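Novice: Dropping the structure in here first, questions after.
Since every read-out is calculated from the coordinates, none of them should be taken as a lab result. No experiment lies behind these values; they were computed from the predicted model shown. With ideal geometry, Cβ positions are generated from the backbone for all residues, glycine too; neighbour counts draw on all protein chains shown.
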């Protein structure tokens with residue numbers, strides 16, 4: 001994508017705004033496609049209070065997942081333009097190295113913002129942490145399979161080690177619960193039972209930030225927001241299971257949230273170099289603590305208008321554009337404006353059925369469309 005600032009009108013809060021008026025500082029422009037210039041060459045240094053020095057830096061680009069991004073966003077050259085407010089807040093979060101809370105009704109594309117930023121800026125696979133009422137900070141940082149390690153040690157001992165006093169090697173030394181047939185101290189395979197979570201992987205030191213999506217934050221326990229403050233403020237975390245053995249094993253290779261990827265943890269601590277670009281989605285169903293809000297930026301995303309819905313459909317469907325599509329978008333917006341909650345996914349489902357050669361016939365279309373476009377706040381309320 002060209003580095004020139006686009007000059008065509010852009011929709012912001014329902015009003016047309018010249019996109020070049022205040023966008024010279026933008027790195028993320030939200031115009032679709034990808035940028036050819038590496039982010040590390042364009043992103044200015046962080047504020048002194050957000051400058052982290054983690055290392056050694058993991059070399060090479062982050063893992064890619066083009067198939068997942070295409071599945072969520074459609075064709076890479078699709079022009080699903082962002083609003084000025086959205087681009088401003090994304091760039092502010094990138095400059096300030098702060099998480100971005102994205103609020104708005106369900107189904108308007110809050111989570112897809114993370115994928116749009118990742119694709120345009122070349123930041124690789126999006127790390128996703130889907131929140132439930134049982135989610136904890138540790139779940140996002142790492143998991144340690146203590147039971148699996150004990151079972152592995154028992155299996156190795158049964159296959160290779162003569163009968164000995166429980167918890168001791170044949171020479172009488174302690175096994176630390178993980179005896180090895182070669183007489184090692186049992187710590188060599190410790191990293192096989194540690195896996196970094198999405199947040200933990202996002203904090204692995206790299207020259208450019210990873211993209212982390214923390215989805216459905218409204219479902220979280222009330223303590224999770226406060227528990228996240230330390231990780232967001234310090235850009236680091238400790239793994240106690242590795243810290244306890246740091247004098248004997250200062251370096252332990254562990255698994256990450258990326259498939260088939262590993263990282264060497266030094267002395268039980270993971271500290272970022274480039275703070276990740278964090279998108280936290282919320283439907284606005286709960287009030288977040290002031291201390292948490294102070295450490296984040298907030299973007300309120302409005303429901304998509306006709307132009308954005310048309311661009312979303314064009315990104316996913318190579319055919320079907322015309323009067324019928326425009327009429328369907330108009331009818332969808334009319335139903336949404338009449339009250340209640342409708343999601344863009346419901347429009348996508350209807351368009352897929354409408355353009356499918358083996359889809360419903362005209363006689364059943366209106367009846368089916370009534371069910372497809374049922375207001376989300378009506379479901380289960382009958």
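Novice: Take 355, 84 and order them by how many other Cβ atoms sit within 10 Å, fewest up front.
Specialist: Starting with the residue having the fewest Cβ neighbours, the order is 355, 84.
Novice: Distance in nm between label sites at residue 221 and residue 361, each 7 Å beyond Cα in the beta-carbon direction?
Specialist: Taking the simple label geometry, residue 221 and residue 361 are separated by 5.6 nm.
Novice: So, one more: State, to one decimal in nm², a quarter of the convex hull surface area for the C-alpha atoms of the stretch 231-382, i.e. the direction-averaged projected area.
Specialist: If I average the Cα hull's projected area over directions, I get 15.3 nm².
Novice: Estimate the FRET efficiency between residue 67 and residue 236 by the formula 1/(1 + (r/R0)^6), using the beta-carbon distance for r and 35 Å for R0, to the nearest 0.05. Could you put the intermediate results ahead of the total?
Specialist: On the way: r = 32 Å, r/R0 = 0.91.
Calculated transfer efficiency: 0.65.
Novice: Once you have the Cα-Cα distance between residue 96 and residue 260, take 0.36 nm times their residue separation minus that, and quote the gain in nm to one decimal. Could the numbers behind the result be given before it?
Specialist: Details: separation 164, 0.36 × 164 = 59.04 nm, distance 3.16 nm.
My answer for the length gained is 55.9 nm.
Novice: When a/c reaches 1.5 or more, the comparison of a/b and b/c decides; with that in mind, is the stretch 25-92 rounded, prolate or oblate per its Cα gyration tensor?
Specialist: It is oblate, given that a/c is not under 1.5 and a/b is not larger than b/c.
Novice: Mind giving me the FRET efficiency for residue 353 and residue 34? R0 is 22 Å, r the Cβ-Cβ distance, nearest 0.05 is fine.
Specialist: 0.10
Novice: While we're here: Taking the Cβ of each residue in 101, 69 as the centre, tally the other Cβ atoms inside 10 Å and list the residues starting with the fewest.
Specialist: Ascending Cβ contact count within 10 Å gives the list 69, 101.
Novice: With labels modelled as points extended 7 Å from the Cα through the Cβ direction, what inter-label distance (nm, one decimal) is found for residue 151 paired with residue 134?
Specialist: 1.7
Novice: If you don't mind, another one. Need one word for the stretch 306-372: rounded, prolate or oblate. Basis is the Cα gyration tensor (sqrt eigenvalues a ≥ b ≥ c); a/c below 1.5 gives rounded, then a/b vs b/c decides.
Specialist: Oblate.
Novice: Explain nothing, just the number: relative contact order of the stretch 306-372, from Cα pairs under 8 Å at least 6 residues apart, as a whole percent.
Specialist: Relative contact order, the stretch 306-372: 33 percent.
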